[in-house]
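Engineer: Next up is a structure, given as C-alpha cells.
The values are calculated or read from the model by the stated rules, or taken from the named source; none is laboratory data. The structure displayed is predicted, hence computed values, not measured ones. Here the Cβ is made from the backbone with ideal geometry for all residues, glycine too, and neighbour counts use every protein chain on show.
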C-alpha cells in the first residue's frame, strides 16, 4: 500500500460522527471485527460530546458568524471552537494562542456568546451548560 | 482530531467473490485491511471515506483472482500538536497518567506535565493537584475514569514491524520496551483550564 497524501483535509468531529453512523448502518461495507470495534468505540466517545448535537447548517452559520467578526482566527482554532464549543473565558483562552493579547474584552464576549448560542442548551460531559460567577472570578485571578 | 488521507492499494478479489459487486468487495477489503490500524506517520485509521478511482482489473496467469489498483481516502485519527482533546484516565503511576479516548489508549501525561504543584498518592495510586485556594491547600484528585481535558504536546511513531525490535540491535543497545505502541501521544494538563473537567466547573 502506498500513502499518496497523508493529509488531504481535516474533518470536524460532527462530519466523522455522521459518516461513521452511516457506515455502521450499512452492513454491506463493514470490514470485520476490527472495523466494527473501532466504529463502536469512536461512536461511544462522540455520542455525548458536542458534535452529536450539531448539524451541518448550524456549523455553517457559526462559521459565517466567526468570519464576520473582527477577529482573525486560524483554521485550527475554528476547528477547536466547533469540536468543543467553549463555555467560559478560560476554556476559550485554551484554544486560542496569545488569547489575551489578540482579543479585547468586547471581542471575547462576542466570541463567547456566539459559541454558547452554537452549542445551545445541550449538556455534555465535555461542555458546561452554565457559567457561574465563580468561573469569572477564577479567570480574573489568573 | 480527524483527518482524511489518500492511499493507493492493489486490491485482490478472490474468485469466490467474482459474482459480487466489485465496489462493495473493494470497500470491505479496504475497511478490514486498515480499520483500527496505525499507518506510519499518518495516524490511526478509522473508516473508509471514499473511493477516488478504480483502475482496470488484471488477471495474472495461473491465478483465478483479479487485481485492481484503487485510489481511496480514509478517515484517520491524527490530532495536531497543541490541540485540546478530552480523554478518560485509564491508569496512573509515579511516572504519570495514561489517558484513553476509548478507541485510542496511548496518551501519556508525564509527571512533569501535571498541574503545579502535584504529587502522586502512592496509597491510592492517583495524581493529586495541591491547589492553593487563598492559603488553604485543597487536594484535587485525578481518579481513574475521570474525564480530563488535555493539550497534545507531541506524537511519536514507532516501527513495530517484526524484525525491527527482535534483538537484532547494535551491540550495547538494549531493547527498551517490548510492547511499544506504534503511535503514541504525549499531553499536558499544566495550564489553567486543563485537567479533570470538574476542577474548573465546581471551583
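Engineer: What number of residues within region B:67-95 satisfy the criterion of being more than 27 Å from residue B:7 (Cβ to Cβ) and either buried (at least 19 other Cβ atoms within 10 Å of the Cβ) or without any contact (Cβ under 8 Å) to a residue 24 or more places away in the chain (or both)?
Structural biologist: Of the residues in that region, 6 qualify.
Engineer: Among the residues of region A:1-13, which ones are facing chain B (nearest Cβ under 7 Å) and surrounded by 18 or more Cβ atoms within 10 Å (Cβ to Cβ)?
Structural biologist: A:11, A:13
Engineer: Here's a follow-up. Go through region B:126-136 and report how many residues are more than 14 Å from chain A (Cβ to nearest Cβ) and in a loop (DSSP other than H, G, I, E, B).
Structural biologist: So the count comes out to 0.
Engineer: Going through region B:10-56 one residue at a time, which ones are touching a residue at least 40 places away in the same chain (Cβ under 8 Å), facing chain A (nearest Cβ under 8 Å) and more than 12 Å from residue B:74 (Cα to Cα)?
Structural biologist: B:41, the sole residue that qualifies.
Engineer: Surrounded by fewer than 16 Cβ atoms within 10 Å (Cβ to Cβ), on the phi < 0 side of the Ramachandran plot and facing chain B (nearest Cβ under 8 Å), is that true of residue A:23?
Structural biologist: Spelling it out, it is not the case that residue A:23 is surrounded by fewer than 16 Cβ atoms within 10 Å (Cβ to Cβ), on the phi < 0 side of the Ramachandran plot and facing chain B (nearest Cβ under 8 Å).
Engineer: Follow-up question, since we're still on this one. Give me the pairs, please: first residue somewhere in region A:86-98 and outside the structural domain of residue A:66 (by the TED database), second residue anywhere and in a loop (DSSP other than H, G, I, E, B), beta-carbon distance under 8 Å, and either six or more positions apart or on two chains.
Structural biologist: No pair meets every condition.
Engineer: Now a separate question. Would you mind stating whether residue A:56 is surrounded by fewer than 18 Cβ atoms within 10 Å (Cβ to Cβ), modelled with pLDDT under 85 and touching a helix residue (DSSP H, G or I) at 6+ places or on another chain (Cβ under 9 Å)?
Structural biologist: For residue A:56, the condition - surrounded by fewer than 18 Cβ atoms within 10 Å (Cβ to Cβ), modelled with pLDDT under 85 and touching a helix residue (DSSP H, G or I) at 6+ places or on another chain (Cβ under 9 Å) - is not met.
Engineer: Still on this structure, I have one more. Go over the candidates A:81, A:103 one by one and state the one that is modelled with pLDDT of 85 or more and more than 8 Å from every other protein chain (Cβ to nearest Cβ).
Structural biologist: Just a single option satisfies the conditions, and that option is A:81.
Engineer: Exactly one of these conditions fails for residue A:16: (1) part of a helix (DSSP H, G or I); (2) at the interface with chain B (Cβ under 10 Å from one of its Cβ atoms); (3) surrounded by fewer than 20 Cβ atoms within 10 Å (Cβ to Cβ). Give me its number.
Structural biologist: (3)
Engineer: Would you point out which residue out of B:98, B:148 is surrounded by 12 or more Cβ atoms within 10 Å (Cβ to Cβ) and without any contact (Cβ under 8 Å) to a residue 12 or more places away in the chain?
Structural biologist: One residue alone meets the criteria, B:98.
Engineer: Out of the residues in region B:151-180 that are at pLDDT 85 or above and surrounded by 14 or more Cβ atoms within 10 Å (Cβ to Cβ), state the one that is nearest to residue B:116 (Cα to Cα).
Structural biologist: The qualifying residue nearest to residue B:116 (Cα to Cα) is B:151.
Engineer: When the residues of region A:31-47 are filtered to those that are surrounded by fewer than 16 Cβ atoms within 10 Å (Cβ to Cβ) and under 21 Å from the mean Cα position of the chain (by Cα), which remaining residue is nearest to the other protein chains (Cβ to nearest Cβ)?
Structural biologist: Per the criteria, the residue is A:44.
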